[in-house]
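Peer 1: Sharing a structure below in structure tokens format, with a few things to ask.
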Amino acid sequence: MTTTAATRGRYRFSQVARMEWTKLRSLRSTWWVLAVTVAGAIGIAVAVGLNTRDGAADLTNNALAGISLGLLLIGVLGVLVMTGEYSSGMIRATLAAIPNRPLVLAAKAAVFGLLALAAGEAAGFIAFFAGGAALPDGIPAPALGQPGVLRAVVLGGAGFCLVGLIGLGLGAIIRHTPAAIAVLVGGVYVVAQFVAVVTHALMPYLPIAIVANSLTVVRPMTDDQVQFLSPWAGLGVLGLYAAVTLGVGAWLLVRRDA
Amino acid sequence: MIEVRGLSKRYGPTVAVHELSFDVRPGVVTGFLGPNGSGKSTTMRMVLGLDAPDAGQARIGGRRYRELRWPLREVGALLEARAFHPGRSGRAHLAALAASNGIARSRVEEVLGLVGLADVAGRRAGRFSLGMGQRLGIAAALLGDPGVLLLDEPVNGLDPEGIRWVRGLLRTLAAEGRTVFVSSHLIGEIARTAEQVVVIGRGRLLADTSVAELSARAPSLEEAFFALTDGSAEYRGALDPEGRTS
């Protein structure tokens with residue numbers, strides 16, 4: 001028995017993060033989802049690049065189009081990181097190991113968020129170069145040194161990470177996989193379609209619109225009806241969504257029986 | 001040492017546990033008996049800080065569970081056979097838990113060997129049989145070499161050899177001076193393994209005594225148990241043990 005050793009020190013964030021990293025990397029679904037997402041983003045960038053006719057368009061934004069489609073996958077993976085613990089009963093083993101529940105969620109968010117960020121940036125940069133390389137002759141590829149281009153690529157990856165964290169927060173709030181995924185898909189995609197038809201005022205604040213039309217643009221995107229958020233304002237709003245869902249999730253995690 | 005004091009818990013209108021108080025002492029196996037639905041699992045979850053009691057508290061070595069510095073090195077728990085993710089290997093499951101409490105990675109292989117899962121630990125745990133899942137749960141409980149063990153129905157799903165192994169394991173752990181608290185609905189199992197026994201029915205304490213004392217009240221421990229829990233069983237068949245309709 002380690003009675004003496006057990007009185008020295010106590011568990012901290014680093015131990016909890018190590019647990020969450022071990023859990024995350026030991027599930028095949030993690031790597032499948034990330035691989036499919038990155039491959040999808042690259043595939044779409046190449047397809048869009050090959051079919052580009054107008055060299056004056058925002059070619060960086062075009063090359064990052066696949067990021068928006070990958071949002072759904074990373075959001076679902078975020079949901080599963082949390083709901084998978086409830087459906088399997090693992091949550092009780094986790095919380096018996098670490099009774100400090102906000103610390104558990106914080107470690108999950110940090111570990112999963114960093115992995116999602118790494119995947120998002122990889123997807124963004126590879127898609128950017130692949131999309132540029134696929135452009136027809138006569139249309140010059142955008143370069144990272146041009147104004148706003150590096151920002152668009154980097155923020156695209158960041159948006160990917162933040163949507164993943166929104167999924168994680170929703171998973172903590174809702175706990176059941178199908179319901180949490182339904183809310184995520186509804187919130188990110190379906191509401192966007194609905195709002196686009198009914199009112200344009202809310203359009204700039206929808207997660208998918210923020211990623212597609214604020215974060216990943218080189219030039220501010222406006223049309224006659226909708227004024228989209230600036231890249232940094234978009235990042236702030238999306239970060240706020242993630243913070244609120246994770247905050248509510250942590251609050252409920254503390255209050256509810258496991 | 002586990003101290004339970006005035007523990008109460010309701011789920012809506014249902015009283016799960018009502019003003020329950022008892023001590024579990026180190027050095028002996030203490031059985032936790034009660035009919036299905038009597039509140040055994042709820043009590044154990046409250047001791048582990050997983051469910052919040054409406055009133056009362058539980059302390060382990062004088063502290064509440066959430067105050068423990070390295071929970072897994074102080075308390076090992078088996079709550080249900082499948083408290084692990086089906087897509088993760090048994091080895092990865094234990095490695096994650098070990099990492100959370102700063103437990104050496106070599107201890108994972110040690111407990112895998114101890115429970116007899118060393119050869120299958122790389123397989124996804126979702127493919128484990130009920131008995132293998134139970135062994136993985138026991139391995140998780142032993143991971144931190146804790147001085148206090150709470151095991152909810154540990155022999156569920158085990159074959160006769162496995163049951164005998166658990167019996168020996170529990171006795172050995174207690175003989176080493178640990179506090180061993182083990183629930184079961186199998187009275188015969190408790191009679192063979194435990195020295196002390198806490199009996200509850202409908203969430204209330206019915207007896208807190210030694211197995212020898214309780215057995216002496218009737219021709220067998222089983223009959224003493226039925227005499228105690230008569231009227232407090234939550235679910236029962238329409239026939240009594242003599243075959244008459246009740």
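Peer 1: With labels modelled as points extended 7 Å from the Cα through the Cβ direction, what inter-label distance (nm, one decimal) is found for A:Arg25 paired with A:Leu240?
Peer 2: Taking the two extended label points, one gets 3.7 nm.
Peer 1: Between B:Gln57 and A:Leu144, how high is the FRET efficiency from 1/(1 + (r/R0)^6) when r is the Cβ-Cβ distance and R₀ = 56 Å? Nearest 0.05.
Peer 2: According to the calculation, E is roughly 0.40.
Peer 1: I'd like the Karplus ³J(HN,Hα) series for the range B:176-184: coefficients 6.51, -1.76, 1.60, θ = phi - 60°, whole numbers in Hz, and an x wherever there's a Gly or Pro.
Peer 2: 7, x, 7, 8, 10, 10, 10, 8, 6
Peer 1: With unit charges on the beta carbon (Lys/Arg positive, Asp/Glu negative), name the residue among B:Gly34, B:Ala92, B:Ile138 whose Cα is farthest towards the positive pole of the charge dipole of chain B.
Peer 2: About the Cα centre, the residue reaching furthest to the positive side is B:Ala92.
Peer 1: Follow-up question, since we're still on this one. Can you tell which of A:Val153, A:Ala97, A:Ala45 lies farthest toward the positive end of the dipole of the range A:13-255, using +1 and -1 charges on the Cβ of basic and acidic side chains (Lys, Arg; Asp, Glu)?
Peer 2: Of the options given, the answer is A:Ala97.
Peer 1: For peptide B:87-98, what's the mean number of Cβ atoms from other chains within 10 Å of each residue's Cβ?
Peer 2: So the per-residue partner count for this stretch is 5.
Peer 1: Now for a different question. What does the average come to when, for each residue of peptide A:84-94, you count the partner chain Cβ atoms lying within 10 Å of its Cβ?
Peer 2: 6
Peer 1: Compute for chain B: radius of gyration divided by Kirkwood radius, i.e. Rg/Rh, restricted to C-alpha atoms, rounded to two decimals.
Peer 2: My calculation puts Rg/Rh at 0.97.
Peer 1: If you take every DSSP beta bridge whose two residues both sit in chain B, what share of them, in percent to the nearest 5, is antiparallel?
Peer 2: Here the share of antiparallel DSSP bridges comes out near 55 percent.
Peer 1: Using the basic label-point model (7 angstrom from Cα toward the beta carbon), what is the A:Ala182 to A:Thr52 distance in nanometres?
Peer 2: 4.2
Peer 1: Give me the dipole magnitude in Debye, nearest 20, for chain B about the Cα centre, with unit charges on the beta carbon: positive for Lys and Arg, negative for Asp and Glu.
Peer 2: Around 920 debye, computed over chain B.
Peer 1: If I take R0 = 30 Å and measure r between the Cβ atoms of A:Asp257 and B:Arg69 in this structure, what FRET efficiency does the formula 1/(1 + (r/R0)^6) give, to the nearest 0.05?
Peer 2: The pair A:Asp257/B:Arg69 has a calculated efficiency of 0.80.
Peer 1: Next up: What's the average, rounded to a whole number, of partner chain beta-carbon atoms within 10 Å of each residue's beta-carbon in B:59-71?
Peer 2: For this peptide, the per-residue mean of nearby foreign Cβ atoms is 3.
Peer 1: Treating only the Cβ atoms of Lys and Arg (+1) and Asp and Glu (-1) as charged, compute the dipole magnitude of the protein assembly as shown about its Cα centre; round to the nearest 20 debye.
Peer 2: Around 820 debye, computed over the protein assembly as shown.
Peer 1: Tabulate in residue order the Karplus-calculated ³J(HN,Hα) for the range B:211-224, using 6.51 cos²θ - 1.76 cosθ + 1.60 with θ = phi - 60°, rounded to whole Hz; enter x for Gly and Pro.
Peer 2: Going residue by residue, I get 4, 4, 5, 5, 4, 5, 6, 8, x, 8, 4, 4, 5, 4 Hz, with x marking Gly and Pro.
Peer 1: List the residues of the range A:40-76 whose backbone N lies under 16 Å from a point placed 7 Å from the Cα of A:His200 along the Cα-to-Cβ direction.
Peer 2: None, by backbone N distance to the label point.
Peer 1: If you don't mind, there's one more thing I want to ask. Calculate how many DSSP beta bridges within the protein assembly as shown are antiparallel, expressed in % of all such bridges and rounded to the nearest 5. Mind showing how you got there, number by number?
Peer 2: Details: 22 of 40 bridges.
The answer is about 55 percent antiparallel.
Peer 1: Further, regarding this structure: Near B:Lys40, which lysines are there with a Cα under 17 Å away, not counting those fewer than 8 places off in the same chain?
Peer 2: In chain and number order, the partners are B:Lys9.
Peer 1: Taking only complete DSSP H runs, can you tell me which helices of chain A stretch 30 Å or more along their own long axis by Cα positions and average at least -0.5 on the Kyte-Doolittle scale?
Peer 2: Details: long enough: A:28-50 (33 Å, 1.60); A:65-88 (35 Å, 1.59); A:101-133 (47 Å, 1.49); A:149-174 (38 Å, 2.17); A:231-255 (36 Å, 1.40).
Both cut-offs are met by A:28-50, A:65-88, A:101-133, A:149-174, A:231-255.
Peer 1: Still on this structure: Nearest 20 debye, what's the magnitude of the dipole of the range A:1-96 about its Cα centre given +1 on Lys and Arg Cβ and -1 on Asp and Glu Cβ?
Peer 2: Details: 9 positive and 4 negative charges, 139 e Å.
For the range A:1-96, the charge dipole is close to 660 debye.
Peer 1: What ³J(HN,Hα) values, in whole Hz, does the Karplus curve 6.51 cos²θ - 1.76 cosθ + 1.60 give for the range B:120-131 when θ = phi - 60°, with x put for Gly and Pro?
Peer 2: 10, 5, x, 7, 5, 5, x, 8, 5, 6, 4, x
Peer 1: Quick one: what Rg and Dmax do you get for the protein assembly as shown from the alpha carbons, in Å?
Peer 2: 27.9, 98
Peer 1: What residues have an amide H closer than 5 Å to that of B:Ile200, excluding those fewer than 5 places away on the same chain, when H is modeled at 1.01 Å from N in the peptide plane?
Peer 2: Residues meeting the amide H criterion: B:Leu33, B:Gly34, B:Leu206.
Peer 1: Continuing with the same structure: Sorting B:Arg91, B:Arg45, B:Arg64 on the 10 Å Cβ count, fewest up front, what's the list?
Peer 2: Exposure proxy ranking, most exposed first: B:Arg64, B:Arg91, B:Arg45.
Peer 1: Amide H neighbours of B:Val29 under 5 Å, at least 5 residues apart or on other chains, H built in the peptide plane: list them.
Peer 2: HN-HN under 5 Å from B:Val29: B:Glu195, B:Gln196.
Peer 1: With a cut-off of 8 Å between alpha carbons and a minimum separation of six or more residues, what is the relative contact order of the range A:13-255 in percent?
Peer 2: Relative contact order of the range A:13-255: 26 percent.
Read-outs throughout are calculated quantities, based only on the coordinates presented, and are distinct from any laboratory measurement. Note that the structure is predicted; figures quoted are calculated from it, not measured. Positions of Cβ are backbone-derived with ideal geometry, glycine not excepted, and every protein chain shown enters the neighbour counts.
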